[in-house]
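Chemist: Attaching a single structure in structure tokens format; questions to follow.
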Amino acid sequence: MSESDMSEGDMNGDGAPKKTMGVDPYERNWMYISIGVIVAFFVLISIAGLALGIQVPTEERRVDPRTFADSAPWGEPAQEVGDGEYEVYVVARTFYFEPASIEIPVDSTVTIYVSSPDVQHGFRIQDTNVNMQIVPGEVSKLKYTFDRPGEYPYICTEYCGLAHAAMFGVVKVVEEGAEAEEAEEGEGAEEGEEGEDE
Ligand code: CUA
């Protein structure tokens, strides 16, 4: 008896627990819709993150904003860390980026780390989905594969002072062979070098 009282809430205790939870049909339908929306969003976010490569910029780690910019590899050119894999550590400061130019071969995947030693900045590479908020002392990180040659300007997207509009740089994605690096053993199919220089 007492158990049934507990489970039925405000029943009168007549010992007739025939009604299960009385859920209004409308309410039940809205519950199904709510669950459906949550499941749909979960699936869409999973597709975006896993299949389409959409990333949410995350704080990768913290650094000391007073000193980090003085130590390698911050501010240095992009380093090759694997086959077609590059890393670059960008310092965003009033009012310029270090490095202001990032050169990589086409089809490279670049992991970009950015931090600021002074105030809040932004880092957005045009024609890509790379767009980060840069907070002093926090390292923002995103990865992007540049599969088309060309120049991709990057700009500061958060107002940081009088020369905010002058804060920009450029990613130069160059064709294989256009670089002066040691060419791999000749693949016969390749066209001779065009000698195109900028
Ligand atoms: Cu840096 Cu705006």
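Chemist: In whole Å, how far is the Cα centre of the range 155-176 from that of the range 17-85?
Modeler: 27
Chemist: Follow-up. To the nearest 20 Debye, how big is the dipole of the range 58-174 about its Cα centre, given +1 on the beta carbon of each Lys and Arg and -1 on that of each Asp and Glu? If you can, show how the numbers build up before the last one.
Modeler: Values: 9 positive and 18 negative charges, 70 e Å.
Using Cβ point charges on Lys, Arg, Asp and Glu, the range 58-174 gives about 340 debye.
Chemist: Which cross-chain or sequence-distant (5 or more) residues have an amide H under 5 Å from the amide H of T157, H modelled 1.01 Å from N in plane?
Modeler: G122, F123, R124
Rule-based calculations on the coordinates, nothing more; no lab input. Remember, it's a predicted structure, so these values are computed and weren't measured experimentally. Cβ: placed from backbone, ideal geometry, glycine included. Neighbour counts: every protein chain shown.
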